[in-house]
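What follows is a short report on a single structure.
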Amino acid sequence: RLQKLKEMFISKFGSAPKFYARAPGRVNLIGEHIDYCGYAVLPMAIEQDILIAVEPAQTQVVQLANTNSSYLDFSTSVNNIQINKTKPQWHNYFLCGLKGIQEHFGLNNPTGMNCLLDGTIPPSSGLSSSSALVCCAGLVTLRANGKTLSKVELAEICTKSERYIGTEGGGMDQSISFLAEEGTAKLIEFSPLRATDVRLPSGATFVIANSCVEMNKAATSHYNIRVMECRLATKILSKSKGLEWRKILRLHDVQAKLGVSLEEMLTIVEEVLHPEPYSTEEICKCLGISLEELHSQILSQNMQDVSTFKLYQRAKHVYSEAARVLEFQKICSEAPANALQLLGELMKQSHISCREMYECSCPELDRLVDICLQFGAIGSRLTGAGWGGCTVSMVPTDKLNTFLKNVKKAYYQTDGQRLAVENNSLFATKPGRGALVFVEA
């Protein structure tokens with residue numbers, strides 16, 4: 001693959017690349033939609049990645065090309081980075097990483113670059129192809145400008161810089177992309193960012209299956225509405241407990257300020273919030289603020305037209321999912337005889353909560369989860385933002401081949417469109433290594 005990339009680079013730019021950077025995609029085993037609420041998540045890097053061949057240039061121009069001809073070439077001056085939020089095209093994710101590094105170091109005359117990108121992560125599949133691209137671009141820019149940063153600093157810069165495209169992510173994708181190590185999943189905690197090895201039990205393999213429903217996180221408001229619903233639930237829970245609600249932004253902070261367990265937080269959710277959707281008027285009444293203040297101080301720009309919010313369901317999902325992550329880690333470290341059954345149960349509960357409380361599933365994902373469980377998965381759930389994308393299933397290693405064959409037949413071979421992409425849509429994966437740079441020897 002490297003040789004092929006090098007040859008394409010030479011035919012495109014007329015000279016050989018000076019170095020390569022790689023950043024992996026990821027699969028989240030458990031802990032969906034809770035990183036931006038401040039809670040720990042449990043992902044692993046996958047073998048699929050973004051690979052970029054790079055040659056620093058004498059000019060102040062960045063030229064981007066892609067081995068996939070459906071992604072058009074792009075070039076821009078390094079001193080005038082414009083990121084278009086309305087159309088999240090591939091090059092804008094590269095520009096996020098570039099701009100993040102430029103701004104961090106205050107680079108006035110950053111190095112121009114010729115870059116050729118090759119990706120093996122299926123796009124819009126919930127395996128973090130866009131964040132891998134942001135991370136890879138950050139790494140490329142860092143190297144081309146002769147700067148150094150720790151992996152943790154890089155992850156934090158890339159998390160912030162992906163927001164240039166309008167995605168209010170929480171940092172899981174960028175963190176695992178940099179901090180991953182081969183052979184182990186990671187418990188990733190935030191504020192401060194840290195990663196702890198989680199040894200997965202032997203005897204099971206994780207299988208990713210793509211629903212073939214594309215969901216572009218940045219182009220949809222679903223994702224940002226959920227972020228806002230969690231923020232509003234935070235405000236109302238804080239106010240009901242006499243906390244300084246204006247200063248509290250995340251559901252995790254409510255728990256930390258109250259000094260209670262996740263189980264107790266679930267009881268508080270039951271006491272304080274009601275299952276019926278909240279109107280903007282009711283939210284204002286609960287907080288004792290005007291509609292104008294809600295719109296100008298709390299709701300983000302792209303939320304001004306949303307008139308109802310489900311707060312009870314979202315808070316309930318977040319606190320219960322956060323508890324499942326800790327339980328998953330505990331089972332992996334204690335390794336009881338029935339570890340696989342217990343982990344499988346947590347994955348199933350997670351999917352039900354994503355489907356019913358967070359409403360981030362879709363009919364195809366639900367069907368795929370059912371098929372995977374029917375053909376022998378011990379646990380199965382959606383992974384990534386949801387509303388399309390992939391499922392992750394834990395399958396006994398000795399049943400892997402039969403499982404793959406049956407799932408192919410039941411989900412992919414019944415539909416012409418899915419059949420066309422089945423080879424890249426269903427695969428077993430092991431915990432892979434994190435982002436790195438390598439130079440031609």
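The values are calculated or read from the model by the stated rules, or taken from the named source; none is laboratory data. If you're wondering where the values come from, they're calculated on a predicted model, not measured in any experiment. Backbone-built Cβ (ideal geometry, glycine too); neighbour counts: all protein chains shown. Calculation scope for accessible area: heavy atoms of the full protein, side chains included, ligands and nucleic acids excluded. Shrake-Rupley method; radii C 1.70, N 1.55, O 1.52, S 1.80 Å.
Which of the residues spanning the range 301-319 are open to solvent by less than 50 Å² (accessible area, probe 1.4 Å) and either within 15 Å of Tyr36 (Cα to Cα) or assigned to a strand (DSSP E or B) (or both)?
To start, the set of residues in the range 301-319 that are open to solvent by less than 50 Å² (accessible area, probe 1.4 Å) comprises 303, 306, 309, 311-315, 317-319.
Those that are open to solvent by less than 50 Å² (accessible area, probe 1.4 Å) and either within 15 Å of Tyr36 (Cα to Cα) or assigned to a strand (DSSP E or B) (or both): Phe309, Arg314, Ala315, His317, Val318, Tyr319.
Checking the structure you have, find out if any residue of the range 269-276 is among the charged types (D, E, K, R), over 25 Å from Met303 (Cβ atoms) and modelled with pLDDT of 95 or more.
Yes, that holds for at least one residue.
Output the residues belonging to the range 169-194 that are in a loop (DSSP other than H, G, I, E, B), in contact with a helix residue (DSSP H, G or I) (Cβ under 9 Å, 6 or more places away or on another chain) and touching a residue at least 60 places away in the same chain (Cβ under 8 Å). Quick ask: steps written out before the conclusion?
Here is the first cut: in the range 169-194, the residues in a loop (DSSP other than H, G, I, E, B) are 169-171, 180, 182-183, 190-193.
With the extra rule that they be in contact with a helix residue (DSSP H, G or I) (Cβ under 9 Å, 6 or more places away or on another chain), the set shrinks to 169-171, 190-193.
Result: Gly169, Gly170, Gly171, Phe190, Ser191.
Please work out which one of (1) within 21 Å of Ile81 (Cβ to Cβ); (2) in contact with a Gly (Cβ under 8 Å, 6 or more places away or on another chain); (3) touching a residue at least 40 places away in the same chain (Cβ under 8 Å) is the condition Gly166 fails and give its number.
Result: Gly166 passes all but (2).
Give me the residue from the range 274-299 that is more than 15 Å from Ala233 (Cα to Cα) and among the hydroxyl-bearing types (Ser, Thr, Tyr) and, out of that set, nearest to the chain's Cα centre (by Cα).
Ser296
Among the numbered criteria (1) in a helix (DSSP H, G or I); (2) within 30 Å of Gln3 (Cβ to Cβ); (3) open to solvent by 10 Å² or more (accessible area, probe 1.4 Å); (4) modelled with pLDDT of 95 or more, which one does Leu98 miss?
Every listed condition holds for Leu98 apart from (3).
Give the range 355-392 a look and list any residue that's in a helix (DSSP H, G or I) and either open to solvent by less than 10 Å² (accessible area, probe 1.4 Å) or among the hydrophobic types (A, V, I, L, M, F, W, C) (or both), or say none.
Kept after step one, since they are in a helix (DSSP H, G or I), are these residues of the range 355-392: 355-356, 363-374.
Answer for the range 355-392, where residues must be in a helix (DSSP H, G or I) and either open to solvent by less than 10 Å² (accessible area, probe 1.4 Å) or among the hydrophobic types (A, V, I, L, M, F, W, C) (or both): Leu365, Leu368, Val369, Ile371, Cys372, Leu373.
Using beta carbons and a limit of 6 Å, which pairs, at least six apart or on different chains, have the first residue in the range 52-74 and closer than 16 Å to Ser11 by Cα and the second one open to solvent by less than 20 Å² (accessible area, probe 1.4 Å) and small (Gly, Ala, Ser)?
Ile52/Ala21; Asp73/Ala65
What are the residues in the range 1-58 that are part of a helix (DSSP H, G or I) and either open to solvent by 10 Å² or more (accessible area, probe 1.4 Å) or modelled with pLDDT under 95 (or both), if any? Full working, then the answer.
Pass one, the range 1-58, residues part of a helix (DSSP H, G or I): 2-13, 35-37.
Within the range 1-58, Leu2, Gln3, Lys4, Lys6, Glu7, Met8, Ile10, Ser11, Lys12, Phe13, Asp35, Tyr36 qualify.
Here is a yes/no grid of residues against (1) of a type outside the set (Ser, Thr, Tyr); (2) open to solvent by less than 10 Å² (accessible area, probe 1.4 Å):
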| residue | (1), (2) |
| --- | --- |
| Ala195 | yes, no |
| Ser202 | no, no |
| Ser211 | no, yes |
| Met215 | yes, no |
| Ile225 | yes, no |
| Cys230 | yes, yes |
| Leu262 | yes, no |
| Val269 | yes, yes |
| Pro275 | yes, no |
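When you check Val207 against the structure, is it closer than 21 Å to Pro122 by Cβ and at pLDDT 95 or above, yes or no? If you could, list the steps in order and put the result at the bottom.
On the way: closer than 21 Å to Pro122 by Cβ: yes; at pLDDT 95 or above: yes.
When the stated conditions are applied, Val207 passes them.
Return yes when Glu182 is acidic (Asp, Glu) and within 15 Å of the chain's Cα centre (by Cα) and no when it is not.
Values: acidic (Asp, Glu): yes; within 15 Å of the chain's Cα centre (by Cα): no.
Spelling it out, it is not the case that Glu182 is acidic (Asp, Glu) and within 15 Å of the chain's Cα centre (by Cα).
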